Every structure is written in C-alpha cells, then in structure tokens.
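Everything on this sheet refers to the single structure shown next.
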Amino acid sequence: MRVFVTGGAGYIGSVASKHLLDAGHSVTVFDSLELGHEEALDERAEFIKGDLRNYRDILDAMDRARPDAVMHFAAYALVGESSANPGKYFRNNDCGGVNLAEAMNECGVKRIIFSSTCATYGQPDTMPITEATPQRPTNPYGQSKLIFEQMLGWYAKIHAFQPVFLRYFNACGAEGRLGEDHAVETHLIPNLLKVALGQSGRIQIFGGDYNTPDGTCVRDYVHVSDLARAHLLAIESDFSGAVNLGTGHGFSVREIIEAAREVSGHPIPADVAPRRAGDPDFLVSDPSKAAQVLGWKAEHTEPKAIIETAWGWHRAHPSGYAGK
Ligand code: UDP
C-alpha cells in the first residue's frame, strides 16, 4: 500500500513509518518539523515538508502522493499546555484535521488510521476503560481529539470514509535509533531519565493526593513498538471504528519512579508538587477489543522492561536527535 503518514518525523509516527517500510509498504511522510526531527526520517520514505493548518500544503502533498491510506499522527499532545492554551490545540488538531479530511476527500482517499487518545474519556466512573465508556474529556487536548473523531464519523457517513480511531494510553519506550525527544519535555519517563543522566536535579510528582492507592496518578504505559504494530494491523485490516491501545495494567507515578531508579541505578530524588491541570487520577484500558478486531496484544507489559528501551535511547542520545 501507499501510506501517507502525517507527523512521520515525530515520536510514534517515525516508529510506525519504520514498521510500514519494513513490511514492504511505501511511505510518504508529511511533517512541518516544528516538533518532528529530520533525523527520525527514514531514508526509504518520501518526505514532504508542510503544515496541516495550511490547506494548500496538505492538498498539494496528498495530490502528489495519491495514497491508499493515511496514518494521522501530527498533532499537539500535551495535557498541561492544552489546559493553558486551548486555541493552539483546536486550531492545529481540529482546523488542521478538517484540512486533512478535505484533502483526502478531494483526492478520493477513504481510509484513515487516526492517533486518538485515552484523554478523550476524561475520568470515567468505571475502570477499566472500554471503547463504550462515555467520552467526557477533562482537558482541551482530549477534547480536540474527540472532536476530530466525531468529525471523521460524519465523513464516514457522508463521504464513505473508513476511519479507525486508535485510542492510545501512555506511549513510552524506544525502538532502535528512534526515541522520544520533545523540545520541552513534560512526560514522566523521559523526565525521570533526564534526572538519571544528570541533566536535571529532581523529579516533581504532580499531586500526591489523588484517589489512588498511593495518592499519585495511575496510567497504562504502552510501548511505542506495540503501538506501531497496531497501526500496521489496522491498515492491513478492513476494520473501522474505535480501539483502545493499552496493556490493561496500571502503574502509579511512584511505581514508575521506582522502576526508573532500578533500571538506571540512580536514586532519582522526587518531591511532591501541586497537581497539574487536567490530569485524571486513574486511566487503565480494557484492551480486549484490540485483540478481537485486530489480533493485537501489547508484548511489552513490564514498566522496567519498557523503561530499559527508553534508557538505552536516552543514553545514546543524551542531547536528543540534535546531538547525533
Ligand atoms: N508526571 C509527573 N511528573 C512529571 C511528568 C509527569 O508527576 O515530571 C505525571 C503526570 O501528572 C501524569 C503522569 O505522570 O499523572 C503521566 O504524565 P505524562 O505527561 O507522561 O503523560 P500524560 O498522562 O499527560 O499523557
């Protein structure tokens, strides 16, 4: 298949592009390089630089690539930032999303695998989270992703789109030369590894009074290689609809800190700090639908094993992609 990958120079998009190419598909990466990295591009892929917010950029690229399917990763994805600057999120993730959908429609492309998120569920009343759990986001990031899911639902009804909404839980880990490098790092695992590398002094635990066993937030940490594999399965299937991608196991911030200490051998001092706006207390997936409709199950389920892969990448790239 010819696959058009928006955000293919980013963290998850670059790993998914690699999996697609390894499986014999051809890939066109569309990325603004605002947050993506040239170094993460695969030399086997065609690269088109452009911004989703500019309709001409995306229409020209789609027209040139004429893909069979789209994988849509390009987005802003920070809960905290979205809670301070919602317009940035709606403009990129939703206005950019409409541009993408319209360009697809113009070029007759019906199939889209969309990077959605467990943040679309907010803080559900029941755990674990199934695809039927009501979606009530608690932050603009989750809202922006839900809006685009809903928009694609209308494109499915009106223009016969066949969308798949892959609702990721907490993406983490690294694969080979591809890892997580954000200009401003806010994610827990890379921040822990920065402390272990001596690049920052301590980790802040955002909130110690959540309604969880140890008072810190519980998340379902899913390895980027498992996420990429799910994309490949989705694009090679004829399934359309929503699928959770998680391990089905939850770990608290304190448990992840402990795992990072064991992996790195560094004491990683930690302080409890105020809560971060928009964080739900407990998010764990029920991944059974992914097994049923895609034949997918996370292979990496142990935080220590997942953090090992991230630790290997961060040690090899202490200054991120720029340093290599
Ligand atoms: N977190 C933390 N300290 C940090 C970064 C994150 O305590 O330096 C917490 C955050 O509040 C959340 C969890 O770790 O409860 C996972 O956050 P992350 O930003 O990695 O992913 P998110 O859940 O926002 O997608």
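Whole Å is fine, so just give me how far the alpha carbon centre of region 70-111 lies from that of region 1-43.
17 Å
I'd like the antiparallel share, as a percent to the nearest 5, of DSSP beta bridges with both residues in the chain.
On the way: 3 of 42 bridges.
Roughly 5 percent of the DSSP beta bridges within the chain come out antiparallel.
Quick one: compute the contact order of the chain, relative version, from alpha carbon pairs under 8 angstrom and 6+ residues apart, as a percent. Present the calculation step by step, with values, prior to reporting the outcome.
Details: 687 pairs, mean separation 60.4, N = 324.
That works out to 19 percent.
Which order do Val284, Val70 fall in if you start with the one that has the fewest other Cβ atoms within 10 Å? Let's see the in-between values first.
Numbers: Val284 21, Val70 27.
Lowest count first: Val284, Val70.
So what is log10(I(q)/I(0)) for region 69-171 at q = 0.12, 0.23 1/Å, when the Debye sum runs over its Cα atoms only?
-0.38, -1.23
Normalising by the residue count of region 167-324, find the relative contact order in percent from Cα pairs under 8 Å and 6+ residues apart. Could the numbers behind the result be given before it?
On the way: 273 pairs, mean separation 57.5, N = 158.
It rounds to 36 percent for region 167-324.
Please compute the net charge surrounding Ser144, taking Lys and Arg as +1 and Asp and Glu as -1 over other residues with Cβ under 15 Å from its Cβ. Write down the numbers at each step before the final one.
Numbers: positive: Arg53, Lys88, Arg91, Arg136, Lys145, Arg167; negative: Glu81, Asp94, Glu149.
Residues close to Ser144 contribute a combined charge of +3.
So what is the relative contact order of region 194-247, in percent, for Cα pairs below 8 Å that sit 6 or more residues apart?
Details: 26 pairs, mean separation 13.0, N = 54.
Relative CO of region 194-247 lands at 24 percent.
In deg cm²/dmol and to the nearest 500, what is the mean residue ellipticity at 222 nm of the chain if only DSSP H runs of at least 4 residues count, each as -39500 (n - 2.57), divided by the residue total? Show your work: numbers first, answer last.
Working: 11 runs with 120 residues, N = 324.
Using -39500 (n - 2.57) per qualifying helix, the result is -11000 deg cm²/dmol.
Would you mind counting up the charge near Phe251? Only other residues with Cβ under 11 Å from its Cβ, with Lys and Arg at +1 and Asp and Glu at -1. It would help to have the intermediate numbers written out before the result.
On the way: positive: Arg219, Arg254, Lys304; negative: Asp214, Asp220, Glu255, Glu258, Glu302.
So the environment of Phe251 carries a net charge of -2.
Along the charge dipole of the chain, Cβ charges K/R +1 and D/E -1, which of Val184, Phe161, Thr301 sits furthest on the positive end?
Phe161
Just need the Rg to Rh number for region 139-204, please, alpha carbons only, Kirkwood Rh.
Working: Rg = 17.7 Å, Rh = 15.1 Å.
Answer for region 139-204: 1.17.
So how compact is region 1-106: Cα radius of gyration and Dmax in angstrom?
13.3, 42
Could you run the Debye sum over the Cα atoms of region 160-283, one equal point scatterer each and no solvent, and tell me log10 of I(q)/I(0) at q = 0.10, 0.16 Å⁻¹, two decimals?
-0.38, -0.88
Please list the three semi-axes, largest first and in whole Å, of the ellipsoid equivalent to region 92-140, using sqrt of 5 times the eigenvalues of its alpha carbon gyration tensor. Intermediate results must be reported in sequence, preceding the final value.
Numbers: eigenvalues 163, 34, 8 Å².
Calculated on Cα positions only, the semi-axes equal 29, 13, 7 Å.
Pop out the ³J(HN,Hα) list for region 295-303 in order, Karplus 6.51 cos²θ - 1.76 cosθ + 1.60 with θ = phi - 60°, rounded to Hz; leave Gly and Pro as x.
Result, rounded to whole Hz: x, 10, 8, 4, 8, 9, 10, 9, x.
Using the Cα centre of region 9-92 as origin and beta-carbon charges of +1 (Lys, Arg) and -1 (Asp, Glu), tell me which of Ser83, Ala65, Tyr11 is placed farthest towards the positive end of the dipole.
Value: Ser83.
Using Cβ counts within 10 Å as a stand-in for footprinting exposure, how do Thr117, Thr28 rank, fewest first? Can you show the working numbers first?
Working: Thr117 25, Thr28 22.
Arranged by neighbour count, lowest to highest, Thr117, Thr28 become Thr28, Thr117.
What is the Cα centroid distance between region 209-286 and region 118-140, reported in whole angstrom?
14 Å
With no solvent and one point per C-alpha, what does the Debye sum give as log10 I(q)/I(0) for the chain at q = 0.10 Å⁻¹?
Log10 I(q)/I(0), no solvent term: -0.53.
Lys and Arg at +1, Asp and Glu at -1: add these up for the other residues within a Cβ distance under 11 Å of Ser288 and post the number. Before the final figure, lay out each step's value.
Details: positive: Lys289, Lys297; negative: Glu131, Asp286.
Summing Lys and Arg as +1 and Asp and Glu as -1 gives 0.
Quick one: Karplus J couplings for region 238-248, per residue in order, coefficients 6.51, -1.76, 1.60, θ = phi - 60°, nearest Hz, x for Gly and Pro?
3J(HN,Hα) across region 238-248, in whole Hz: 10, 5, 9, x, 9, 9, 7, 10, x, 8, x.
Please list, in order along region 192-205, the HN-Hα scalar couplings obtained from phi with the Karplus expression 6.51 cos²θ - 1.76 cosθ + 1.60 (θ = phi - 60°), rounded to whole Hz, x for Gly and Pro.
Values per residue, Gly and Pro as x: 5, 6, 5, 5, 4, 8, x, 8, 8, x, 8, 9, 9, 9 Hz.
What's the magnitude of the charge dipole for region 141-258 around its Cα centre, counting Lys and Arg as +1 and Asp and Glu as -1 at the beta-carbon? Answer in Debye, nearest 20.
Working: 9 positive and 13 negative charges, 42 e Å.
Its charge dipole is roughly 200 debye.
So for His159, His317, fewest C-beta neighbours within 10 Å to most, what's the order? If you can, show how the numbers build up before the last one.
Numbers: His159 14, His317 18.
Neighbour counts put them in this order, fewest first: His159, His317.
Since every read-out is calculated from the coordinates, none of them should be taken as a lab result. The model shown is predicted, which means the values in this text are computed figures rather than measured ones. In this analysis, Cβ positions are derived from the backbone assuming ideal geometry, glycine residues included, and neighbour counts consider all displayed protein chains.
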